[in-house]
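Here the structure is laid out as C-alpha coordinates; the discussion comes afterwards.
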Amino acid sequence: MMAANVREMALDLLLKVEREKGYSNLVLNRMIEKYKPSPPDAALLTEIAYGTIQRKLTLEYFLAPFVKKPDKLDHWVKLLLLLSLYQMKYLTKVPDHAVIYEAVAIAKKRGHRGIAAFVNGVLRSAQRKGLPSFDPIADPLEKLSVETSHPLWLVRDWAEQFGLETTAAICRENLEAPRQTARINGYLTDAEAVLKRLEEEGIKAEKSDAVPDALRSVKGNLAKTGAYEEGLLTIQDESSMLAGYAVDPKEGETILDACAAPGGKATHLGERMNNTGTIIALDVHKHKTRLIAEHAKRLGLTNISVRNADAREAGKLFAGETFDKVLVDAPCSGLGVLKRKPEIKYMRSPEDVKKLAEIQLEILDAAAPLVKKGGSLVYSTCTIHRRENQEVARAFLAKHPEFAEDRSLRSRMPAKVRPFVAGFEMELLPQHLKSDGFYIACFKKKV
(Lines give C-alpha, C1' and ligand atoms only; values in the text may rest on other atoms or scores of the structure.)
Protein backbone atom coordinates (compact mmCIF):
# COMPACT_ATOMS: atom_id res chain seq x y z
CA MET A 1 0.00 0.00 0.00
CA MET A 2 1.33 3.44 -0.95
CA ALA A 3 1.97 5.96 1.84
CA ALA A 4 -0.40 8.44 0.15
CA ASN A 5 -3.20 5.90 0.52
CA VAL A 6 -2.38 5.66 4.21
CA ARG A 7 -2.94 9.40 4.50
CA GLU A 8 -6.26 9.13 2.73
CA MET A 9 -7.24 6.31 5.08
CA ALA A 10 -6.28 8.54 8.00
CA LEU A 11 -8.55 11.27 6.64
CA ASP A 12 -11.41 8.78 6.30
CA LEU A 13 -10.79 7.65 9.89
CA LEU A 14 -10.96 11.21 11.22
CA LEU A 15 -14.19 11.88 9.32
CA LYS A 16 -15.77 8.67 10.58
CA VAL A 17 -14.82 9.37 14.22
CA GLU A 18 -16.32 12.87 14.07
CA ARG A 19 -19.45 12.06 12.08
CA GLU A 20 -20.35 8.85 13.88
CA LYS A 21 -19.02 9.86 17.30
CA GLY A 22 -17.10 6.59 17.19
CA TYR A 23 -14.07 5.59 19.26
CA SER A 24 -10.85 6.01 17.30
CA ASN A 25 -9.37 2.69 18.47
CA LEU A 26 -12.40 0.72 17.21
CA VAL A 27 -12.54 2.59 13.89
CA LEU A 28 -8.80 2.08 13.42
CA ASN A 29 -9.03 -1.65 14.14
CA ARG A 30 -11.88 -2.07 11.64
CA MET A 31 -9.95 -0.15 8.99
CA ILE A 32 -6.81 -2.24 9.48
CA GLU A 33 -8.88 -5.45 9.31
CA LYS A 34 -10.56 -4.27 6.10
CA TYR A 35 -7.57 -2.93 4.16
CA LYS A 36 -4.80 -5.05 5.71
CA PRO A 37 -1.96 -2.50 5.32
CA SER A 38 1.62 -3.63 5.80
CA PRO A 39 2.99 -3.27 9.36
CA PRO A 40 4.89 -0.03 8.53
CA ASP A 41 1.80 1.47 6.87
CA ALA A 42 -0.42 0.39 9.77
CA ALA A 43 2.02 2.07 12.16
CA LEU A 44 2.00 5.28 10.08
CA LEU A 45 -1.81 5.25 9.90
CA THR A 46 -2.03 4.85 13.66
CA GLU A 47 0.52 7.59 14.31
CA ILE A 48 -0.96 10.29 12.09
CA ALA A 49 -4.63 9.54 12.84
CA TYR A 50 -4.20 9.27 16.63
CA GLY A 51 -1.77 12.16 16.69
CA THR A 52 -4.12 14.48 14.81
CA ILE A 53 -7.00 13.63 17.15
CA GLN A 54 -4.82 13.96 20.25
CA ARG A 55 -3.55 17.39 19.21
CA LYS A 56 -6.62 18.77 17.41
CA LEU A 57 -6.94 22.00 19.43
CA THR A 58 -3.21 22.68 19.08
CA LEU A 59 -3.38 22.10 15.33
CA GLU A 60 -6.38 24.42 15.00
CA TYR A 61 -4.31 27.08 16.77
CA PHE A 62 -1.46 26.48 14.30
CA LEU A 63 -3.87 26.69 11.34
CA ALA A 64 -5.66 29.90 12.37
CA PRO A 65 -3.10 32.46 11.04
CA PHE A 66 -3.17 30.90 7.57
CA VAL A 67 -6.93 30.58 7.03
CA LYS A 68 -9.24 33.59 7.39
CA LYS A 69 -12.43 31.62 8.11
CA PRO A 70 -11.54 28.02 9.06
CA ASP A 71 -15.12 27.27 10.13
CA LYS A 72 -16.30 28.02 6.57
CA LEU A 73 -14.09 25.28 5.09
CA ASP A 74 -15.55 21.98 3.95
CA HIS A 75 -14.97 19.72 6.92
CA TRP A 76 -12.80 17.25 5.04
CA VAL A 77 -10.57 20.07 3.81
CA LYS A 78 -10.03 21.36 7.34
CA LEU A 79 -9.21 17.84 8.58
CA LEU A 80 -6.79 17.34 5.68
CA LEU A 81 -4.99 20.56 6.67
CA LEU A 82 -4.84 19.52 10.34
CA LEU A 83 -3.58 16.07 9.33
CA SER A 84 -0.87 17.66 7.23
CA LEU A 85 0.17 20.18 9.89
CA TYR A 86 0.48 17.31 12.38
CA GLN A 87 2.94 15.55 10.07
CA MET A 88 4.91 18.73 9.38
CA LYS A 89 5.23 19.55 13.09
CA TYR A 90 5.57 16.17 14.78
CA LEU A 91 6.82 13.61 12.21
CA THR A 92 10.46 14.60 11.85
CA LYS A 93 11.29 11.73 9.46
CA VAL A 94 8.74 12.87 6.87
CA PRO A 95 9.92 15.88 4.80
CA ASP A 96 7.49 18.80 4.48
CA HIS A 97 7.52 18.71 0.69
CA ALA A 98 6.30 15.09 0.73
CA VAL A 99 3.47 15.93 3.16
CA ILE A 100 2.39 18.89 1.01
CA TYR A 101 2.59 16.93 -2.24
CA GLU A 102 0.37 14.15 -0.90
CA ALA A 103 -2.11 16.57 0.69
CA VAL A 104 -2.50 18.35 -2.64
CA ALA A 105 -2.99 15.01 -4.43
CA ILE A 106 -5.78 14.06 -1.98
CA ALA A 107 -7.40 17.50 -2.33
CA LYS A 108 -7.36 17.21 -6.14
CA LYS A 109 -8.84 13.71 -5.99
CA ARG A 110 -11.61 14.57 -3.52
CA GLY A 111 -12.33 18.10 -4.66
CA HIS A 112 -11.08 20.11 -7.61
CA ARG A 113 -8.10 22.18 -8.74
CA GLY A 114 -9.23 25.22 -6.74
CA ILE A 115 -9.28 23.26 -3.45
CA ALA A 116 -5.92 21.67 -4.32
CA ALA A 117 -4.42 25.13 -4.92
CA PHE A 118 -5.89 26.39 -1.65
CA VAL A 119 -4.43 23.44 0.33
CA ASN A 120 -1.07 23.96 -1.35
CA GLY A 121 -1.08 27.69 -0.54
CA VAL A 122 -1.98 27.20 3.13
CA LEU A 123 0.64 24.52 3.73
CA ARG A 124 3.35 26.40 1.79
CA SER A 125 2.64 29.50 3.89
CA ALA A 126 2.90 27.48 7.10
CA GLN A 127 6.18 25.98 5.88
CA ARG A 128 7.59 29.37 4.91
CA LYS A 129 6.45 31.47 7.88
CA GLY A 130 6.61 28.80 10.56
CA LEU A 131 3.90 27.79 13.03
CA PRO A 132 2.80 30.30 15.69
CA SER A 133 4.27 30.27 19.20
CA PHE A 134 2.19 29.71 22.33
CA ASP A 135 3.95 32.65 24.04
CA PRO A 136 1.26 35.27 23.25
CA ILE A 137 -1.29 33.30 25.34
CA ALA A 138 -1.16 35.10 28.69
CA ASP A 139 -3.57 32.97 30.77
CA PRO A 140 -1.63 29.89 32.00
CA LEU A 141 -4.75 27.68 31.92
CA GLU A 142 -5.65 28.72 28.39
CA LYS A 143 -2.03 28.23 27.32
CA LEU A 144 -1.99 24.71 28.78
CA SER A 145 -5.32 23.99 27.08
CA VAL A 146 -4.01 24.99 23.65
CA GLU A 147 -0.52 23.55 24.08
CA THR A 148 -1.79 20.10 25.18
CA SER A 149 -5.12 20.13 23.29
CA HIS A 150 -7.49 19.73 26.25
CA PRO A 151 -10.75 21.73 26.46
CA LEU A 152 -10.43 24.78 28.67
CA TRP A 153 -13.33 23.76 30.94
CA LEU A 154 -11.56 20.48 31.72
CA VAL A 155 -8.19 22.13 32.36
CA ARG A 156 -9.90 24.57 34.74
CA ASP A 157 -11.70 21.77 36.59
CA TRP A 158 -8.51 19.75 36.96
CA ALA A 159 -6.49 22.79 38.05
CA GLU A 160 -9.04 23.47 40.78
CA GLN A 161 -8.94 19.82 41.83
CA PHE A 162 -5.23 19.00 41.51
CA GLY A 163 -3.36 22.31 41.05
CA LEU A 164 -1.70 23.59 37.88
CA GLU A 165 1.48 21.51 38.08
CA THR A 166 -0.33 18.17 38.43
CA THR A 167 -2.85 19.19 35.76
CA ALA A 168 0.00 19.94 33.35
CA ALA A 169 1.45 16.49 34.07
CA ILE A 170 -1.94 14.84 33.38
CA CYS A 171 -2.37 16.72 30.11
CA ARG A 172 1.13 15.94 28.88
CA GLU A 173 0.85 12.27 29.81
CA ASN A 174 -2.39 12.07 27.83
CA LEU A 175 -0.39 12.90 24.69
CA GLU A 176 1.80 9.82 25.14
CA ALA A 177 1.13 6.56 23.29
CA PRO A 178 -0.80 4.05 25.44
CA ARG A 179 0.95 0.89 26.57
CA GLN A 180 -0.65 -2.47 25.80
CA THR A 181 -1.03 -4.65 28.87
CA ALA A 182 -2.68 -7.98 29.54
CA ARG A 183 -3.94 -9.86 32.58
CA ILE A 184 -2.69 -13.39 33.14
CA ASN A 185 -5.45 -15.97 33.64
CA GLY A 186 -4.32 -17.26 37.02
CA TYR A 187 -6.99 -19.96 36.94
CA LEU A 188 -5.33 -21.68 33.96
CA THR A 189 -1.67 -20.64 34.00
CA ASP A 190 1.05 -18.39 35.46
CA ALA A 191 3.32 -15.58 34.27
CA GLU A 192 6.32 -17.76 33.42
CA ALA A 193 4.27 -20.12 31.25
CA VAL A 194 2.60 -17.24 29.39
CA LEU A 195 5.88 -15.42 28.79
CA LYS A 196 7.43 -18.60 27.41
CA ARG A 197 4.44 -19.16 25.14
CA LEU A 198 4.54 -15.58 23.86
CA GLU A 199 8.26 -15.86 23.19
CA GLU A 200 7.58 -18.95 21.07
CA GLU A 201 5.11 -16.83 19.07
CA GLY A 202 7.69 -14.10 18.49
CA ILE A 203 6.11 -11.70 20.99
CA LYS A 204 8.24 -9.91 23.57
CA ALA A 205 6.54 -9.08 26.87
CA GLU A 206 7.58 -8.47 30.45
CA LYS A 207 6.03 -8.70 33.90
CA SER A 208 4.49 -5.54 35.28
CA ASP A 209 6.37 -4.04 38.22
CA ALA A 210 3.09 -2.63 39.57
CA VAL A 211 0.37 -5.27 39.24
CA PRO A 212 1.26 -8.95 39.82
CA ASP A 213 -1.42 -10.20 37.40
CA ALA A 214 -0.20 -8.03 34.52
CA LEU A 215 2.12 -8.34 31.54
CA ARG A 216 3.30 -5.44 29.38
CA SER A 217 3.89 -5.78 25.66
CA VAL A 218 7.38 -4.78 24.57
CA LYS A 219 7.06 -5.87 20.94
CA GLY A 220 4.03 -7.35 19.22
CA ASN A 221 0.26 -7.35 19.66
CA LEU A 222 -0.82 -9.54 22.59
CA ALA A 223 -4.39 -9.71 21.26
CA LYS A 224 -3.22 -11.42 18.06
CA THR A 225 -1.63 -14.44 19.74
CA GLY A 226 -2.49 -18.05 20.34
CA ALA A 227 -2.04 -17.38 24.05
CA TYR A 228 -4.93 -14.93 23.89
CA GLU A 229 -7.14 -17.26 21.81
CA GLU A 230 -6.54 -20.09 24.27
CA GLY A 231 -7.63 -17.95 27.21
CA LEU A 232 -4.25 -17.57 28.87
CA LEU A 233 -4.55 -13.78 28.98
CA THR A 234 -7.00 -10.88 28.63
CA ILE A 235 -6.23 -7.44 27.24
CA GLN A 236 -6.82 -5.04 30.13
CA ASP A 237 -5.17 -1.91 31.48
CA GLU A 238 -3.27 -2.30 34.75
CA SER A 239 -5.44 0.30 36.45
CA SER A 240 -8.63 -1.67 35.66
CA MET A 241 -7.13 -4.80 37.19
CA LEU A 242 -7.04 -3.01 40.53
CA ALA A 243 -10.81 -3.31 40.85
CA GLY A 244 -10.30 -7.06 41.29
CA TYR A 245 -7.89 -6.40 44.14
CA ALA A 246 -10.33 -3.99 45.76
CA VAL A 247 -13.21 -6.50 45.63
CA ASP A 248 -10.88 -9.24 46.92
CA PRO A 249 -13.18 -12.15 45.99
CA LYS A 250 -12.98 -15.41 47.92
CA GLU A 251 -13.73 -18.91 46.68
CA GLY A 252 -17.40 -19.83 46.96
CA GLU A 253 -18.73 -16.28 47.32
CA THR A 254 -21.72 -14.80 45.50
CA ILE A 255 -20.77 -11.55 43.76
CA LEU A 256 -22.61 -9.04 41.56
CA ASP A 257 -20.81 -7.08 38.85
CA ALA A 258 -23.53 -4.50 38.19
CA CYS A 259 -22.12 -2.85 35.03
CA ALA A 260 -20.03 -5.66 33.64
CA ALA A 261 -19.46 -5.22 29.88
CA PRO A 262 -17.18 -6.06 28.20
CA GLY A 263 -16.36 -8.47 31.02
CA GLY A 264 -12.77 -7.68 32.00
CA LYS A 265 -13.48 -7.20 35.68
CA ALA A 266 -16.07 -9.99 36.00
CA THR A 267 -13.68 -12.51 34.46
CA HIS A 268 -10.87 -11.27 36.70
CA LEU A 269 -13.06 -11.99 39.72
CA GLY A 270 -13.89 -15.42 38.28
CA GLU A 271 -10.21 -16.26 37.85
CA ARG A 272 -9.34 -15.09 41.38
CA MET A 273 -12.12 -17.32 42.73
CA ASN A 274 -10.63 -20.32 40.88
CA ASN A 275 -13.88 -20.76 38.94
CA THR A 276 -15.88 -21.37 42.14
CA GLY A 277 -18.85 -19.54 43.61
CA THR A 278 -21.20 -17.41 41.52
CA ILE A 279 -20.68 -14.13 39.70
CA ILE A 280 -23.73 -12.41 38.24
CA ALA A 281 -22.65 -10.06 35.45
CA LEU A 282 -25.26 -7.46 34.49
CA ASP A 283 -25.20 -5.01 31.63
CA VAL A 284 -27.85 -2.76 30.16
CA HIS A 285 -26.73 -3.35 26.54
CA LYS A 286 -27.81 -6.72 25.18
CA HIS A 287 -25.11 -6.91 22.48
CA LYS A 288 -22.47 -6.27 25.14
CA THR A 289 -23.69 -9.10 27.37
CA ARG A 290 -22.70 -11.47 24.55
CA LEU A 291 -19.14 -10.15 24.83
CA ILE A 292 -19.05 -11.04 28.52
CA ALA A 293 -20.23 -14.59 27.81
CA GLU A 294 -17.70 -14.99 25.00
CA HIS A 295 -14.82 -13.81 27.19
CA ALA A 296 -15.85 -16.13 30.04
CA LYS A 297 -15.98 -19.09 27.64
CA ARG A 298 -12.57 -18.24 26.14
CA LEU A 299 -11.06 -18.08 29.64
CA GLY A 300 -12.55 -21.42 30.73
CA LEU A 301 -14.82 -19.85 33.35
CA THR A 302 -18.18 -21.42 34.20
CA ASN A 303 -18.91 -19.44 37.40
CA ILE A 304 -20.16 -16.34 35.55
CA SER A 305 -23.86 -15.92 34.79
CA VAL A 306 -24.67 -13.09 32.37
CA ARG A 307 -27.92 -11.10 32.46
CA ASN A 308 -29.18 -8.19 30.38
CA ALA A 309 -30.53 -5.58 32.81
CA ASP A 310 -30.20 -1.95 33.91
CA ALA A 311 -28.25 -1.89 37.16
CA ARG A 312 -30.67 0.74 38.48
CA GLU A 313 -33.36 -1.96 38.37
CA ALA A 314 -31.27 -4.61 40.13
CA GLY A 315 -33.56 -4.54 43.18
CA LYS A 316 -36.33 -6.02 41.03
CA LEU A 317 -34.12 -8.95 40.05
CA PHE A 318 -32.61 -10.01 43.37
CA ALA A 319 -33.72 -10.24 46.97
CA GLY A 320 -32.11 -7.97 49.54
CA GLU A 321 -28.76 -9.01 51.00
CA THR A 322 -28.12 -11.62 48.27
CA PHE A 323 -24.48 -10.83 47.58
CA ASP A 324 -21.29 -11.07 49.60
CA LYS A 325 -19.79 -8.35 47.43
CA VAL A 326 -21.01 -5.96 44.74
CA LEU A 327 -18.86 -4.18 42.17
CA VAL A 328 -20.26 -1.04 40.54
CA ASP A 329 -17.84 -0.15 37.75
CA ALA A 330 -20.09 2.69 36.70
CA PRO A 331 -20.60 4.32 33.31
CA CYS A 332 -18.51 7.48 33.37
CA SER A 333 -17.05 10.29 31.26
CA GLY A 334 -13.91 8.26 30.49
CA LEU A 335 -11.61 11.18 31.24
CA GLY A 336 -8.99 8.75 32.55
CA VAL A 337 -8.56 6.94 29.22
CA LEU A 338 -7.69 9.86 26.93
CA LYS A 339 -4.47 8.21 25.77
CA ARG A 340 -6.53 5.37 24.26
CA LYS A 341 -9.59 7.38 23.22
CA PRO A 342 -8.42 10.97 22.70
CA GLU A 343 -11.65 12.02 21.00
CA ILE A 344 -13.50 11.73 24.33
CA LYS A 345 -12.09 15.04 25.58
CA TYR A 346 -13.83 16.90 22.75
CA MET A 347 -17.12 15.02 23.14
CA ARG A 348 -17.63 15.58 26.86
CA SER A 349 -19.03 18.67 28.58
CA PRO A 350 -19.60 19.77 32.19
CA GLU A 351 -23.28 18.88 31.70
CA ASP A 352 -22.30 15.30 30.77
CA VAL A 353 -20.25 14.99 33.95
CA LYS A 354 -23.19 16.24 36.04
CA LYS A 355 -25.66 13.80 34.43
CA LEU A 356 -23.28 10.86 34.76
CA ALA A 357 -22.73 11.60 38.46
CA GLU A 358 -26.50 11.41 38.97
CA ILE A 359 -26.67 8.03 37.18
CA GLN A 360 -23.70 6.72 39.17
CA LEU A 361 -25.38 7.56 42.46
CA GLU A 362 -28.63 5.95 41.29
CA ILE A 363 -26.77 2.71 40.54
CA LEU A 364 -25.09 2.74 43.96
CA ASP A 365 -28.45 3.39 45.59
CA ALA A 366 -29.90 0.35 43.80
CA ALA A 367 -26.92 -1.84 44.69
CA ALA A 368 -26.80 -0.98 48.39
CA PRO A 369 -29.74 -3.17 49.59
CA LEU A 370 -28.33 -6.19 47.74
CA VAL A 371 -25.15 -6.35 49.87
CA LYS A 372 -25.17 -8.72 52.83
CA LYS A 373 -24.47 -7.33 56.30
CA GLY A 374 -20.70 -7.29 56.67
CA GLY A 375 -20.35 -7.39 52.89
CA SER A 376 -18.52 -5.02 50.55
CA LEU A 377 -19.60 -2.52 47.91
CA VAL A 378 -16.84 -1.35 45.55
CA TYR A 379 -17.34 1.70 43.32
CA SER A 380 -14.95 2.33 40.43
CA THR A 381 -14.64 4.58 37.37
CA CYS A 382 -12.12 5.22 34.60
CA THR A 383 -12.43 8.98 35.04
CA ILE A 384 -10.44 11.49 37.11
CA HIS A 385 -13.12 14.09 37.77
CA ARG A 386 -14.05 14.64 41.41
CA ARG A 387 -17.72 15.19 40.58
CA GLU A 388 -17.98 11.58 39.40
CA ASN A 389 -15.59 10.20 42.00
CA GLN A 390 -15.10 11.73 45.44
CA GLU A 391 -18.38 13.66 45.38
CA VAL A 392 -20.40 10.58 44.39
CA ALA A 393 -18.70 8.50 47.09
CA ARG A 394 -19.48 11.07 49.79
CA ALA A 395 -23.04 11.54 48.57
CA PHE A 396 -23.53 7.79 48.81
CA LEU A 397 -22.25 7.63 52.39
CA ALA A 398 -24.45 10.57 53.35
CA LYS A 399 -27.52 8.76 51.99
CA HIS A 400 -26.64 5.32 53.38
CA PRO A 401 -25.71 5.32 57.07
CA GLU A 402 -25.82 1.51 56.95
CA PHE A 403 -22.46 1.67 55.13
CA ALA A 404 -19.07 2.79 56.44
CA GLU A 405 -15.78 3.65 54.75
CA ASP A 406 -13.72 0.51 54.16
CA ARG A 407 -10.26 1.68 55.17
CA SER A 408 -8.69 -1.73 54.66
CA LEU A 409 -8.45 -0.97 50.92
CA ARG A 410 -4.76 -0.10 51.13
CA SER A 411 -3.86 -3.55 52.47
CA ARG A 412 -5.45 -5.21 49.45
CA MET A 413 -3.62 -3.14 46.84
CA PRO A 414 -0.26 -4.12 45.28
CA ALA A 415 2.68 -2.42 47.01
CA LYS A 416 3.42 0.04 44.19
CA VAL A 417 -0.20 1.25 44.20
CA ARG A 418 -0.52 1.83 47.96
CA PRO A 419 0.89 5.39 47.88
CA PHE A 420 -2.17 6.39 45.84
CA VAL A 421 -4.66 5.06 48.41
CA ALA A 422 -6.10 7.46 50.99
CA GLY A 423 -8.47 5.88 53.49
CA PHE A 424 -11.25 4.13 51.59
CA GLU A 425 -10.32 5.62 48.18
CA MET A 426 -7.69 5.16 45.48
CA GLU A 427 -7.06 7.74 42.77
CA LEU A 428 -4.58 6.80 40.08
CA LEU A 429 -3.60 9.54 37.64
CA PRO A 430 -2.22 8.65 34.17
CA GLN A 431 1.31 9.76 35.02
CA HIS A 432 1.52 7.66 38.20
CA LEU A 433 2.01 4.27 36.50
CA LYS A 434 1.83 5.33 32.82
CA SER A 435 -1.59 3.64 32.86
CA ASP A 436 -5.16 4.84 32.49
CA GLY A 437 -6.54 7.15 35.15
CA PHE A 438 -8.76 5.24 37.60
CA TYR A 439 -10.73 5.72 40.81
CA ILE A 440 -11.94 3.24 43.45
CA ALA A 441 -13.98 3.73 46.61
CA CYS A 442 -14.77 0.87 49.01
CA PHE A 443 -17.69 0.67 51.44
CA LYS A 444 -18.51 -1.91 54.12
CA LYS A 445 -22.06 -2.71 55.16
CA LYS A 446 -22.45 -2.55 58.89
CA VAL A 447 -23.41 -5.73 60.76
Q: Using a 1.4 Å probe and ignoring any ligands, DNA or RNA, find the accessible area of residue 358 and quote it in Å² to the nearest 10.
A: 90
Q. In degrees between 0 and 90, to the nearest 10, how far off the longest principal axis of the chain does helix 96-110 point, with axes built from Cα atoms?
A. 90
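Compare the peptides 79-85, 243-249 by average per-residue count of other Cβ atoms within 10 angstrom and give them in order, highest first.
Details: 79-85: 25.1, 243-249: 23.3.
Order by mean packing, descending: 79-85, 243-249.
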Q | Sites residue 124 and residue 43 - FRET efficiency at Förster radius 25 Å, r taken between beta-carbons, to 0.05 | A | 0.35
Q) Given the convex hull over the Cα atoms of the stretch 6-129, what projected area results after averaging over all orientations, in nm²? A) 7.4
Q: Consider just the alpha-carbon atoms of the chain and return their Rg together with their Dmax, both in angstrom.
A: 23.6, 76
**Q.** Positive-pole candidate from 161, 342, 302, dipole of the chain, charges at beta carbon
**A.** 342
**Q.** Contour minus Cα-Cα distance for residue 196 and residue 286 (0.36 nm per residue)
**A.** 28.7 nm
Q. Once the piece of chain linking residue 399 and residue 172 is laid out straight, how much longer is it, given 0.36 nm per residue of separation minus the C-alpha distance between them?
A. 78.0 nm
Q. So between residue 204 and residue 19, what do we pick up on full extension, going 0.36 nm a residue minus the alpha carbon distance?
A. 62.9 nm
Q. Where the centre of each part is set by its Cα atoms, how far does the stretch 377-447 sit from the stretch 220-285, in angstrom?
A. 19
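Please give the calculated 222 nm ellipticity per residue for the chain, where each DSSP H segment of at least 4 residues contributes -39500 (n - 2.57) and the sum is spread over every residue; nearest 500 deg cm²/dmol? Write down the numbers at each step before the final one.
Working: 20 runs with 218 residues, N = 447.
Helix contribution divided over all residues of the chain: -14500 deg cm²/dmol.
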(Q) Given contacts defined as C-alpha pairs under 8 Å and at least six residues apart, what's the relative contact order of the chain, whole-number percent? (A) 13
(Q) Please list log₁₀ I(q)/I(0) at q = 0.31, 0.32 Å⁻¹ for the stretch 181-235, using the Debye equation with identical point scatterers on the alpha-carbon positions. (A) -1.52, -1.62
**Q.** Inter-probe distance in nm under a simple model that places probes 7 Å from Cα toward Cβ, at residue 274 and residue 352
**A.** 4.4
Q. Picking from 148, 278, 92, which is most flexible by a Gaussian network model of the chain using Cα springs under 10 Å?
A. 92
Q: Would you be so kind as to identify which of 228, 268, 79 lies farthest towards the positive end of the dipole of the chain, taking Lys and Arg as +1 and Asp and Glu as -1 on Cβ and the Cα centre as origin?
A: 79
Q.
Given Cβ point charges of +1 (Lys, Arg) and -1 (Asp, Glu) and nothing else, what value in debye, to the nearest 20, does the dipole of the chain about its Cα centre take?
A. 1120
Q: Decide, for the stretch 265-380, between rounded, prolate and oblate: order the square roots of the alpha carbon gyration tensor eigenvalues as a ≥ b ≥ c, take rounded if a/c falls under 1.5, and otherwise choose prolate if a/b is larger than b/c, else oblate.
A: oblate
Q) Taking all pairs of different Cα atoms in the stretch 156-287, averaging 1/r and flipping that mean, what Kirkwood radius in angstroms comes out? A) 16.5
Q. By how many degrees, 0 to 90 and rounded to 10, does the Cα axis of helix 3-20 deviate from the longest principal axis of the chain?
A. 50
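Shape verdict for the stretch 238-445, please, from the Cα gyration tensor: rounded (a/c under 1.5), prolate (a/b greater than b/c) or oblate.
Details: a/c = 1.25, a/b = 1.18, b/c = 1.06.
Cα axes put the stretch 238-445 in the rounded bin.
The values are calculated or read from the model by the stated rules, or taken from the named source; none is laboratory data. Just so it is clear, the structure is predicted and the values come from calculations on it, not from any experiment. Ideal geometry is used to build each Cβ from the backbone, glycine not excepted, and the neighbour counts take in all protein chains shown. All accessible areas refer to the heavy atoms of the entire protein, side chains included, with ligands and DNA or RNA removed. Shrake-Rupley method; radii C 1.70, N 1.55, O 1.52, S 1.80 Å.
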